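I have placed the structure first, in the form of structure tokens, so that the comments after it can refer back to it.
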């Protein structure tokens, strides 16, 4: 078995505790995330996934239960929480609004600089991070204002990558991007994880995005882990997902409906080309109805 | 049908310290009819949002003319008349809530128009019922889900009794359920209340539900037709950084493999129907 990088044990978080507005956002959650996985987190608005993500790098403190990073209880020694934040990098929704430096280079260098790294190491990290997000060196001296929306988003993500976190967390990295920008960012994330071997966790409302790149899918519902498994395992439970206000990828949904007529079909299909191949052979083989 | 919004050779450029920027919208001519449901697609930076903001005088054309029901949006004295006719809903639901109770938020618009209190009460109730949020009228808006917040925002526009609603990526930040709720509300106000709808989106499955789809690319309108017409060109759309709905894409891929799928398949139901027919014919020849 692979090493566990993040683990929660009965993790609980309560907002506005002791007031009439008290709300339990995370309710006794138990999950183990293995090193090197690319975990997609899904859950409807208010399911507790953002609260969970904020626990992953110590932005919130548990009201109950524990959270472990690399086998160590994050909150055992309060003074160490800063270290946690260097190990687990979070990139929030619409991170492009957080760019503030004069140039793309300076913005990406901000994180590594705060880590107290020397100049050469900072430089190496910035250049490497720019490569990961597909911005060539000509972007280094540009002002963030001169970039397109998609480029700004990627520059902001590079700022977190440059800190070389063991775990990179991206909250809705593709929200608001057009289909081409979305595909590009997804393949960059996948490639980053493959070349660095680091653990990547991303939150998304888009089931197609999850199916495209995740190695594991975590479904959060009512502050609990409702499912945790491979893309196939999770998306085969279509009815349960829909009952939670979620969905399955668009092609999968179509295949589920076809499966009712052709039970021999495997509905675990997420890619249009593969789907077309399967249906083609189904027809050529003289498809038999149920 | 009568035209409600007319773009006549419109160009718009954002001002950046006098630097000559490329136009965000360039020589755009367009007519939107009363009661029409128009979806606008396009890559990031294609000019979609600029188009939306030109519809109700948030932006004024640099050259050319936009008219709403015959009134020029450049006429400063008519700006309130225009905004009374065309309302906007934006992407981020949290940026457009002004009150601490749902019904107060919906009442904000008509109050500012100086509508009688009893009439405001009637409009607010009616608007909230139209979007399925009446039972939440006494809730706090910030505690609602994204889909609910967007429906409250739509109710706020309805209460102003505008003829047209422009929605700029209203579902971009929502979960699957929220997206469906908003889509349902929008369709209802188009089909049942005959509101003109201009709907900007990156989601192809939402665009197929419109009467008409406009595709923007590099500040220009490059496709304009029914959803069936526009989505029958998947390669062209892909080259523009866009996509097609899954059923249309799959149907196109099967065609490329020599299967005689009919044109104009946009949803699962019509895909399955066509697939069944082909399979039936195949088994009987």
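Selection of the stretch A:226-256 for residues being exposed (fewer than 15 other Cβ atoms within 10 Å of the Cβ) and over 17 Å from the mean Cα position of the chain (by Cα) yields A:233, A:239, A:240, A:242, A:243.
Has the stretch B:252-260 got at least one residue that is under 25 Å from residue B:182 (Cα atoms) and either out of contact with any strand residue (DSSP E or B) (no Cβ under 7 Å at 6 or more places or on another chain) or within 11 Å of another protein chain (Cβ to nearest Cβ) (or both)? Within the stretch B:252-260, none of the residues are under 25 Å from residue B:182 (Cα atoms) and either out of contact with any strand residue (DSSP E or B) (no Cβ under 7 Å at 6 or more places or on another chain) or within 11 Å of another protein chain (Cβ to nearest Cβ) (or both). For the stretch B:28-86, a residue qualifies if it is in a helix (DSSP H, G or I), within 14 Å of the chain's Cα centre (by Cα) and over 19 Å from residue B:15 (Cβ atoms), and the qualifying residues are B:48, B:55. Against the definition (touching a residue at least 60 places away in the same chain (Cβ under 8 Å) and assigned to a strand (DSSP E or B)), how does residue A:53 come out, yes or no? Against the criterion (touching a residue at least 60 places away in the same chain (Cβ under 8 Å) and assigned to a strand (DSSP E or B)), residue A:53 does not qualify.
Could you go through the stretch A:92-103 and let me know if any residue there is part of a strand (DSSP E or B) and either modelled with pLDDT of 95 or more or within 21 Å of the chain's Cα centre (by Cα) (or both). Checking the stretch A:92-103: not a single residue is part of a strand (DSSP E or B) and either modelled with pLDDT of 95 or more or within 21 Å of the chain's Cα centre (by Cα) (or both).
Among the residues of the stretch A:178-207, the one identified as closer than 26 Å to residue A:46 by Cα, in contact with a helix residue (DSSP H, G or I) (Cβ under 6 Å, 6 or more places away or on another chain), within 11 Å of chain B (Cβ to nearest Cβ) and outside any strand (DSSP E or B) is A:204. For the stretch B:143-183, name all the residues that are farther than 16 Å from residue B:202 by Cβ and part of a loop (DSSP other than H, G, I, E, B). Once the filter is applied, which keeps residues that are farther than 16 Å from residue B:202 by Cβ and part of a loop (DSSP other than H, G, I, E, B), the stretch B:143-183 yields B:144, B:145, B:159, B:160, B:161, B:162, B:163. Quick check: is even one residue across the stretch B:190-210 more than 10 Å from chain A (Cβ to nearest Cβ), more than 26 Å from residue A:251 (Cβ to Cβ) and in a helix (DSSP H, G or I)? For the stretch B:190-210, residues more than 10 Å from chain A (Cβ to nearest Cβ), more than 26 Å from residue A:251 (Cβ to Cβ) and in a helix (DSSP H, G or I): present. Taking the conditions exactly as written (assigned to a loop (DSSP other than H, G, I, E, B), at pLDDT below 95 and more than 17 Å from residue B:280 (Cα to Cα)), does residue A:288 satisfy them or not? Judged against the criteria, residue A:288 is not a match. Within the stretch B:79-91, identify whether any single residue is more than 18 Å from residue B:162 (Cβ to Cβ), surrounded by 19 or more Cβ atoms within 10 Å (Cβ to Cβ) and at pLDDT below 95, and answer yes or no. Yes, the stretch B:79-91 has at least one match.
Among the residues making up the stretch A:254-269, a single one is facing another protein chain (nearest Cβ under 8 Å) and closer than 14 Å to residue B:249 by Cα: A:254. With respect to (1) farther than 24 Å from residue B:193 by Cβ; (2) in a helix (DSSP H, G or I), the lone exception for residue B:100 is condition (2). Scanning the stretch A:36-50 for residues that are crowded, with 22+ Cβ neighbours inside 10 Å and in a strand (DSSP E or B) yields A:39, A:40, A:41, A:42.
The residue list A:241, A:283 contains one member that is more than 23 Å from residue B:204 (Cα to Cα), outside any strand (DSSP E or B) and within 11 Å of chain B (Cβ to nearest Cβ), which is A:283. For the residues A:83, A:106, the requirement of being in a helix (DSSP H, G or I) and either under 20 Å from the mean Cα position of the chain (by Cα) or over 30 Å from residue A:224 (Cβ atoms) (or both) singles out A:106.
The set of residues from the stretch A:146-174 being touching a strand residue (DSSP E or B) at 6+ places or on another chain (Cβ under 8 Å), surrounded by fewer than 23 Cβ atoms within 10 Å (Cβ to Cβ) and in a helix (DSSP H, G or I) comprises just one member, A:160. Of the residues examined, residue B:248 is not one that is surrounded by 15 or more Cβ atoms within 10 Å (Cβ to Cβ) and away from chain A (no Cβ under 11 Å).
Restricting the search to the stretch A:112-140, which residues are closer than 16 Å to residue A:156 by Cα, in contact (Cβ under 8 Å) with a residue 12 or more places away in the chain and outside any helix (DSSP H, G or I)? Once the filter is applied, which keeps residues that are closer than 16 Å to residue A:156 by Cα, in contact (Cβ under 8 Å) with a residue 12 or more places away in the chain and outside any helix (DSSP H, G or I), the stretch A:112-140 yields A:133, A:134, A:135, A:140. Candidates in the stretch A:136-158 are the residues that are touching a helix residue (DSSP H, G or I) at 6+ places or on another chain (Cβ under 6 Å) and within 21 Å of residue A:213 (Cβ to Cβ); of these, the one that is farthest from the other protein chains (Cβ to nearest Cβ) is A:158.
The values are calculated or read from the model by the stated rules, or taken from the named source; none is laboratory data. Nothing here was measured: the structure is a model prediction, and the numbers come from that model. Glycine gets a Cβ as well: all are built from the backbone with ideal geometry, and neighbour counts include every protein chain shown.
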